[in-house]
Amino acid sequence: MSGGATTPTDAILESICDGVFTVDKQWRITSFNRAAEQITGTSREQALGQPCSEVFRCNLCETACPLRQTLRDNRPTVNRDAYIINAAGEQVPISISTAVLRDGAGNIIGGAETFRDLSEVEALRRQISGRHRLGDLVSRSPAMHAVFELITAVAASSDTTVLIQGETGTGKELAARAIHNLSSRATAPFVAVNCGALPDNLLESELFGYKKGAFTGAERDKPGRFELAGTGSIFLDEIGEISPALQVRLLRVLQERTFEPLGATTSQPCHARVIAATNRDLQQMVDEGRFRRDLFYRIQVVQIDLPPLRRRSEDIPLLCEHFITHFNKVLRRDIRAITPAAMGCLMTYRWPGNIRELENIIERAFVICPGNYIDVEHLPPHLRRCAQAAVGTTTIDTARHQSERELIIATLKRTGYNRSACARELGIHKTTLYRKIKALGIELPASDGRRRSDDIS
Amino acid sequence: MKAAFTVWNNRIAPVFDVAGTALIVDEKDSSARATLSLPDGPAFARIDFLCRNGVDILICGAITGRLHNYAVNSGLEVHPFVAGEQEQVITAWLQHQPFEQQFHMPGCGRRWRQQRQGRGGCGRQRPGQDR
């Protein structure tokens with residue numbers, strides 16, 4: 001393979017669709033087949049003699065190189081999942097197998113690595129799970145599917161200004177990123193600014209930038225976020241927090257599609273799409289005179305309302321699965337699932353912090369849980385208490401049973417546990433009472449109203 | 001100007017997205033170097049961490065397109081797909097040598113030249129285009 005397909009082995013390696021390369025003991029590449037060229041985007045001529053980590057560019061190279069482990073332990077690796085970054089800067093999912101390479105005398109002369117491109121498998125997997133997913137938003141709730149449709153429609157019209165409203169933690173930024181990534185602006189930058197996190201004058205220079213000498217300390221020109229966004233999207237989070245003065249400047253940007261950096265004498269064109277978000281009721285703020293009506297109508301060309309998690313509790317298992325997969329990858333754990341009891345707690349909670357709170361609770365459980373299953377004891381106390389309180393009042397049947405149980409016990413006590421008298425007093429047949437006593441698990445004393453103590457003696 | 005070189009085994013680390021260590025070099029005082037452990041977790045956090053530490057320039061190995069965009073949007077000047085001995089790369093940068101042709105990763109040479117002309121060149125090229 002190093003010079004051309006000359007031996008039968010080389011011919012076979014050239015014809016297979018798995019990438020194959022070999023290294024010497026100094027980790028320099030000694031052979032590189034055609035599939036390896038295609039998957040990595042690096043030609044054989046460029047690869048030969050180079051350190052394998054710089055040609056292969058795998059996420060495992062630095063910390064958990066399978067080839068290094070194979071040469072150290074003399075054990076092959078089979079189908080280990082990883083990704084490489086190809087010459088185009090794209091992540092390519094692969095599965096890796098490795099083996100020790102020996103000469104005719106059995107001496108170790110290096111290692112061989114084969115890798116399979118899993119892009120198509122991954123694409124199919126995404127397509128299947130994509131029914132419940134849009135970008136990083138995950139849901140199977142009908143309410144969210146209406147939002148998915150709106151996001152897809154808005155993304156297609158790439159200039160429309162969008163207002164996303166929703167409680168804290170409902171995924172406003174994820175929705176904004178989904179709009180950006182699905183639009184024709186996807187290859188341009190997505191710039192996010194939290195308008196509530198900065199004081200007014202800082203926010204102004206952050207958004208519009210400044211020129212050298214505009215104020216003390218402005219030693220050089222600084223581009224603002226509108227300029228950095230270029231032809232991409234600018235996401236203005238917590239738009240309801242900006243001051244009246246800045247509202248005027250923002251209105252001008254949206255109307256004129258131009259802005260002026262601080263200290264500039266000329267305007268610059270604004271090509272970015274504006275996506276704004278808030279957890280406040282902007283309409284109410286407008287009615288109360290705290291937000292400019294004209295700006296409100298400028299940004300609310302299309303409004304997307306994200307439902308809170310308590311109104312789409314059917315998404316909780318799906319979101320849990322999503323976060324478990326995520327944290328398993330990030331924290332290098334092997335949590336497999338949440339026990340039914342713990343899931344019961346999660347389903348009954350009100351989720352004031354919405355999906356962000358759920359994410360934090362799963363992350364916390366990862367820290368606390370030593371095994372493979374997240375159980376009730378790995379959930380925060382307030383969530384467990386909430387679930388316990390909810391147990392007795394969740395359904396009307398439960399409430400009715402509880403009430404019947406209390407009434408029967410009270411009547412039985414009053415009638416000295418005489419079941420015929422109790423049934424008469426309750427207005428039901430004696431056999432119905434027996435059935436209820438059994439069904440409701442009411443315990444009767446050893447001596448009851450059917451037999452007096454003096455009868456026994 | 002402060003530059004961060006992500007390093008591993010005395011070479012530029014092959015993949016920025018999972019790199020563990022960054023060497024911070026100040027152009028004004030190249031002898032005062034600092035070694036920073038990059039945070040685990042989401043790759044975007046590494047960029048935020050470098051920005052918080054006053055880094056202006058990032059010189060690194062392979063980097064995914066989305067992360068590269070994020071770094072540029074965060075105000076970093078990014079020199080991606082660099083490979084080679086860390087000292088040689090640092091020296092070349094300090095001496096303002098056009099080191100991008102000498103120290104590019106195998107198969108990523110043309111991207112380097114595109115990258116110098118403007119932002120966003122890294123992830124836009126099709127595989128094999130530079131062959």
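Only the coordinates and a few stated rules stand behind these numbers; no lab work does. Nothing here was measured: the structure is a model prediction, and the numbers come from that model. Note: ideal-geometry Cβ built from the backbone for every residue, glycine included; neighbour counts use all protein chains shown.
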Shielding of B:53-66 by partner chains, average beta-carbon count, 10 Å: 3
Other-chain or far-sequence residues with amide H under 5 Å of B:ALA83's (modelled H): B:HIS104, B:MET105
For A:ALA156, net neighbour charge (Lys/Arg +1, Asp/Glu -1) across residues whose Cβ lies under 13 Å away: 0
For region A:174-190, 3J(HN,Hα) per residue [Karplus equation, 6.51 cos²θ - 1.76 cosθ + 1.60, θ = phi - 60°, Hz, x = Gly/Pro]: 5, 5, 5, 5, 5, 4, 4, 5, 8, 8, 6, 8, 4, 7, 8, x, 10
Pairs of alpha carbons in region B:2-124 whose separation is greater than 23 Å (percent): 20 percent
Inverse mean reciprocal Cα-Cα distance (Kirkwood Rh) of region A:8-117, Å: 13.8 Å
Integer Hz, Karplus 6.51/-1.76/1.60 couplings in order for region A:257-268, x for Gly and Pro: 6, 9, 8, 10, x, 4, x, 8, 9, 10, 8, 10
Long-range tail of P(r) for region A:127-306 (Cα pairs > 19 Å, %): 58 percent
Under-5 Å amide H pairs with A:ASP305, H placed in peptide plane, nonlocal only: A:GLN165
Ellipsoid equivalent to region B:28-75 - semi-axes via the Cα gyration tensor, in Å: 20, 13, 10
Intensity falloff of region A:263-313 expressed as log10 I(q)/I(0), Debye formula with alpha-carbon point scatterers, at q = 0.17, 0.32 Å⁻¹: -0.73, -1.26
Along each principal axis, Cα extent of the protein assembly as shown, largest first, Å: 110, 79, 45
Kirkwood Rh, Cα atoms: Rg over Rh of region A:398-445: 0.92
Considering only the protein assembly as shown, percent of DSSP beta bridges that pair antiparallel, nearest 5: 65 percent
Inverse mean reciprocal Cα-Cα distance (Kirkwood Rh) of region A:287-361, Å: 15.1 Å
Angle in degrees between helix A:244-256 and the longest Cα principal axis of chain A, rounded to the nearest 10: 60 degrees
Tilt relative to chain A, helix A:316-330 - C-alpha long axis, 0 to 90 degrees, to 10: 40 degrees
Packing rank of A:153-159, B:63-69, where each peptide gets the mean count of other beta carbons within 10 Å, highest leading: B:63-69, A:153-159
Neighbour net charge for A:GLN69 - beta-carbon separation under 10 angstrom, K R +1, D E -1: +3
In nm, spacing of pseudo-spin labels at B:LEU94 and A:ASN194 (7 Å Cα→C-beta vector): 3.8 nm
Derived scalar couplings ³J(HN,Hα) [region A:271-287; Karplus, 6.51 cos²θ - 1.76 cosθ + 1.60; whole Hz; x for Gly, Pro]: 9, 6, 7, 9, 10, 10, 8, 7, 9, 9, 8, 5, 4, 5, 5, 5, 4
Net charge over other residues, Cβ less than 15 angstrom from the Cβ of A:THR265 (K, R count +1; D, E count -1): 0
For chain A: lysine pairs under 29 Å (alpha-carbon distance), excluding those fewer than 8 apart on one chain: 8
Other-chain or far-sequence residues with amide H under 5 Å of B:GLU77's (modelled H): B:ILE57, B:LEU58
Region A:353-367 and region A:159-232: distance between their alpha carbon centers, rounded to Å: 27 Å
Degrees separating the helix A:354-368 axis from the principal Cα axis of chain A, which is the longest one: 90 degrees
Centroid-to-centroid separation of region A:284-336 and region A:82-100 [C-alpha atoms, Å]: 33 Å
